[in-house]
Amino acid sequence: MNVTIVGTGYVGLVTGTTFAELGHNVLCIDNDEKKVAMLRQRHMPIFEEGLEEIVNRNMDSGRLKFSTSIREGTQFAEIIFIAVGTPPGYRGEANMSYVEQVGREVAENMNDYRLLVEKSTVIVNTNEQLRRTMNKYLKEAVPFDIASNPEFLREGRAIRDAFHPDRIVVGVESDRAAKLLRELYEPLLKRSGCEYLQMNIASAELTKHASNSFLAMKISFTNAVSRICELCGADIQEVTHGMGLDKRIGPDFLSAGVGYGGSCFPKDVDAFIRMGEELGYSLDLLKEVQAINETQKEHLMRKLQQELWVVQDKIIAVWGLAFKPGTDDIRMSPSLYFVPDLKERGANLRLWDPIAHEKFNQALPGYTYCNTLEETANQADAILILTDWPEVKNVDLAKIKKLCRCPIIIDGRNCFDPATVRQHGFIYHSIGRPPITKSPR
Ligand SMILES: NC(=O)c1ccc[n+]([C@@H]2O[C@H](COP(=O)([O-])OP(=O)(O)OC[C@H]3O[C@@H](n4cnc5c(N)ncnc54)[C@H](O)[C@@H]3O)[C@@H](O)[C@H]2O)c1
């Protein structure tokens, strides 16, 4: 089948590449000319393990192409996915202007039936607004359908998720749309054996926001329990291990830490709260989820501050800038909170991240980057861990200890076993676990 994807970011590029790999002909559209030029020259605008290889393979076979022309995209395929951003608006509501723009432009360019599929995370009943918009901008009376097909991939393991999704959710309200989407996904269903859930459009739209908010809630709940652990001498990792073995709870998303970030959870929780308000229900539960997430960063900063007493002129090694391992995405990453704040207080920062340093430098230029963890630790007064990269978890602590001026680790991701860190002679503060406050030297 021919498929057009409008918006070639994390979701659009991965989705388009997946469909091409499954045998469809895909045209990915983006209005960012630089991005399209890069992709045509086979330079990846994002890092995802395995992505480049599959993009190359499908470009070679001619099944995956890139363009800036929405007109070309509208002509190319009966099925058009909208995968543009839905960033937070002025009051935290989802900014739907990019989605609306695609609806308008597709309507202006179509002269035959088209199925417009919402892949972007949209607020419930966006389909009705899209339908109204398209009807206004259509140049001639041609039929169309809207469908919802929310995306659940996780950055850092997007390719694996794309080929082995937990489920595919599709919201449709016509037989024609239902048939087209089922046919499109048939090769993936055969390959992965995953569940294909067909529902009405509002339910599909809502499934995405409800899922992300629930996951954010799990993280904030764990972080709230971690604070109790710190106050009573319990260990959050032992507690969550005990909780997670209960099949009704499950072990995932029970890691205490510096809080969730990224391009999805913060904005989606916010958008869900605003959506509830507009519909007439106050999602106070999610307001608390947000509040816990914010205080978690402040809490970690306090640990660092208390250990250093004075931040001014201290050399602080920052390990990890990406919002999670496996990605170079820094959107809403905790690093964007810590790094400028510490700089403001006069710290001498040395930053390390295996892949996100370039994006960080584009967002906040002027920092010093190191190529290795050892380099950051040289004469450091403290190490602050913000991303649990494998390089961090496997670092040679004995070597690091020798390099540091003061052996202090403030660990926002619980990367180490406290007993091991103690043996190496570090002062160690993590989340929800008893601190090691004295260096034995
Ligand atoms: N990133 C994730 O992990 C993830 C996971 C699931 C769902 N989502 C949702 O998917 C959507 C896209 O997210 P993303 O992370 O891929 O965003 P992104 O910012 O990486 O990509 C969006 C792309 O759309 C392009 N674009 C914007 N307006 C356009 C237009 N009118 N015509 C053509 N291109 C246009 C931008 O240039 C950009 O390349 C969002 O709604 C997001 O919430 C993201």
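Please find, among Y185, Y137, the residue that is in contact (Cβ under 8 Å) with a residue 12 or more places away in the chain and open to solvent by less than 50 Å² (accessible area, probe 1.4 Å). Break it down into steps so the answer makes sense when it comes.
Working: Y137 fails: open to solvent by less than 50 Å² (accessible area, probe 1.4 Å).
Testing whether each residue is in contact (Cβ under 8 Å) with a residue 12 or more places away in the chain and open to solvent by less than 50 Å² (accessible area, probe 1.4 Å) leaves just Y185.
Would you pick out the residues in the stretch 236-273 that are under 18 Å from E155 (Cβ atoms), away from the ligand (no atom under 16 Å from the Cβ) and polar (S, T, N, Q)?
Scanning the stretch 236-273 gives a single hit, S255.
Which condition breaks for E205 when tested against (1) open to solvent by 30 Å² or more (accessible area, probe 1.4 Å); (2) touching a strand residue (DSSP E or B) at 6+ places or on another chain (Cβ under 6 Å)?
Unmet for E205, out of (1) open to solvent by 30 Å² or more (accessible area, probe 1.4 Å); (2) touching a strand residue (DSSP E or B) at 6+ places or on another chain (Cβ under 6 Å): (1).
Tell me, which residue of the stretch 15-55 that is within 8 Å of the ligand (Cβ to nearest atom) and not charged (D, E, K, R) is most open to solvent (accessible area, probe 1.4 Å)?
The residue in question is N31.
As an exercise: evaluate E128 against (1) within 16 Å of the ligand (Cβ to nearest atom); (2) within 28 Å of A107 (Cβ to Cβ); (3) charged (D, E, K, R) and give the number of the one condition it does not meet.
So E128 meets the others, but not (1).
Any idea which of I168, I79, I159 is modelled with pLDDT of 95 or more, under 18 Å from the mean Cα position of the chain (by Cα) and surrounded by 15 or more Cβ atoms within 10 Å (Cβ to Cβ)? Full working, then the answer.
Working: I168 fails: under 18 Å from the mean Cα position of the chain (by Cα); I79 fails: under 18 Å from the mean Cα position of the chain (by Cα).
The unique qualifying residue is I159.
Against the condition within 15 Å of the ligand (Cβ to nearest atom), surrounded by fewer than 16 Cβ atoms within 10 Å (Cβ to Cβ) and at pLDDT 95 or above, how does S174 come out, does it pass?
no
Restricting attention to the stretch 96-115, report how many residues are near the ligand (Cβ under 10 Å from one of its atoms) and either under 27 Å from the mean Cα position of the chain (by Cα) or part of a loop (DSSP other than H, G, I, E, B) (or both).
The total comes to 8.
Just for strands (runs of 3 or more DSSP E) wholly inside the stretch 122-216: which have at least 1 residues that are hydroxyl-bearing (S, T, Y), closer than 29 Å to E278 by Cα and assigned by TED's automatic domain parsing to the domain that holds V84?
Once the strands (runs of 3 or more DSSP E) in the stretch 122-216 are filtered for at least 1 residues that are hydroxyl-bearing (S, T, Y), closer than 29 Å to E278 by Cα and assigned by TED's automatic domain parsing to the domain that holds V84, what remains is 144-148.
The values are calculated or read from the model by the stated rules, or taken from the named source; none is laboratory data. Just so you know, these numbers come straight off a predicted model, no measurement behind them. Virtual Cβ from ideal backbone geometry, glycine too; neighbours counted across all protein chains shown. Each accessible area value is taken on the protein alone, full model and side chains, heavy atoms only, with ligands, DNA and RNA left out. Shrake-Rupley method; radii C 1.70, N 1.55, O 1.52, S 1.80 Å.
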